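The values are calculated or read from the model by the stated rules, or taken from the named source; none is laboratory data. These numbers come from a predicted model, not from an experiment. FYI the Cβ positions are ideal-geometry reconstructions off the backbone, even for glycines, and counts take in every protein chain you see. Surface accessibility is based on the protein's heavy atoms, side chains included, excluding ligands, DNA and RNA. Shrake-Rupley method; radii C 1.70, N 1.55, O 1.52, S 1.80 Å.
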Amino acid sequence: MNNPAIGADADAHPSRPDAVRAPLLASLLDTGDPPRRRVIADLGALQRGLLDTISGTPTRLLIVDLPERRRQGICAWEQVTGALPGEFWREPVDAVLCWDLLNYLDVERLAALAASLRERAAPGCRVHALIHYSALEMPEQPAGIRVDTDRSLQIPGGSGTGFVAAPRYSPKTLEKAMPSLTIDRSMLLGNGMREFVFKLRASN
Amino acid sequence: MNATAMFNKRENEQDSSGTARNAATSPGADAGGARSAGGGKAAVIGPTISINGELKGQEDLVVEGTIEGTVELKQNTLTIGPQGTLKAQVYAHTILVDGTVDGDLYASERISIRKSARIEGNILAPRISLEDGAKFRGTIDMDAESEAFTRVFKAQTASPSPGRGSGPADKSTDVSKEPGPGHSDKGLGSGKAAGKPTQSTA
């Protein structure tokens, strides 16, 4: 049984797919005027909405699809950083899309992932993530969040799968777990998830 | 013999370098052709056919078999059917993927990824369409002004090869001397395909 969200409206019920505005993601996907060339790494699966969004822009999209690699047994969450595809990752990335994957990593794996991303990041790189913040539970597998062409998010409710306790990482916990990143912006979304944009912490 | 698996050895024998010229059946033979995405006839490499080397031509092609190496159909449509498996660098006008690809896909016009597609590599085309359910891992580049795109396709139109368009039997066509996709462009060229590099830089 799924717990209702705490401190969020009824739309936060995770069994109901909803369109959710994600202003920070929308901003991150802006290429600027005039459009500038950039590289985006998507840790999730290839999706049509994102393709449509970057179509016609000088963007290179790197698809990692960590959930699929885990399903295939290629890597467990514990080995997530080893699954980052070095053979494709030849250009430093300007933005990383984590979707809801950080919820499925413990603090040690968060640190490892952040360190690994840092090695591959261009100066000014931003990392986007969605954290289950209000709800006590989340789907036991990443939800397969999709972005629409209007840059709103379609968040499946995890129907057909079970639910597990959400770690409900606080901003402070995330910054502590990922010392190479610092929170640039954060926003509570209409479905009770929290949207984060991290930036690289200046190196010593 | 399965009509879709026909392979005309007299017209399509491989040269000593392993290049299969005009390798598939002629679309002129009704039994050997298939419908391309554009509705016209396309040559077919049937599911029992396996090619290792360099394949090039000037007609649409449907692959249901296996190709390892390089495929060049820069003016035409390549369809990788549900049974098709490519471990190759592919250069075509349009590429439609239903099957499995381990390598890089370059299209001057469009790449369409169907739901049954399984692709690992890099793809570059001005337009890319995707059906839900397809599996992909690698990079996608839709920048027609990118260095890689220019090298693969625009340099070709600027200085066409002497053999370009001279017919399928013209063995003087040597694409290895054309400006091509190369493998030095940053980020593109996974080096995963088995075919030997055939392109020099522009």
- request: Would you pull out the residues with amide H under 5 Å of A:Ala135's amide H, same chain only if 5 or more places away, H placed 1.01 Å from N?
  value: A:Ile6
- prompt: Cα convex hull of the range A:105-146: mean projected area in nm², to one decimal?
  reply: 4.2 nm²
field: Sequence ranges A:54-66, A:177-189, ranked by mean other-Cβ count within 10 angstrom, highest first
entry: A:54-66, A:177-189
- prompt: What's the buried accessible area, both sides, between A and B using a 1.4 Å probe, rounded to 100 Å²?
  reply: 2200 Å²
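Per residue of B:137-150, how many C-beta atoms from partner chains lie within 10 Å of its own C-beta, taken as a mean?
The shielding value for this peptide is 6.
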field: Simple spin-label estimate for A:Ser27 and A:Met187 in nanometres, 7 Å along Cα-Cβ
entry: 0.7 nm
- request: Above 16 angstrom, tally the Cα pairs of the range A:100-192 and express them as a % of all pairs, no decimals.
  value: 59 percent
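Given the convex hull of the Cα atoms of the range B:62-112, what is a quarter of its surface area in nm²?
Reported value for the Cα convex hull: 2.7 nm².
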- request: Take peptides A:27-38, A:42-53, B:62-73 and line them up by average Cβ neighbours within 10 Å, highest first, as a rough protection proxy.
  value: B:62-73, A:42-53, A:27-38
query: Can you give the mean number of other chain Cβ atoms that lie within 10 Å of the Cβ atoms in peptide A:55-61?
result: 6
- request: Would you mind checking the pairs B:Lys74/B:Lys154; B:Lys74/B:Lys135; B:Lys56/B:Lys135; B:Lys56/B:Lys87 and listing those with alpha carbons more than 20 angstrom apart?
  value: B:Lys74/B:Lys135; B:Lys56/B:Lys135
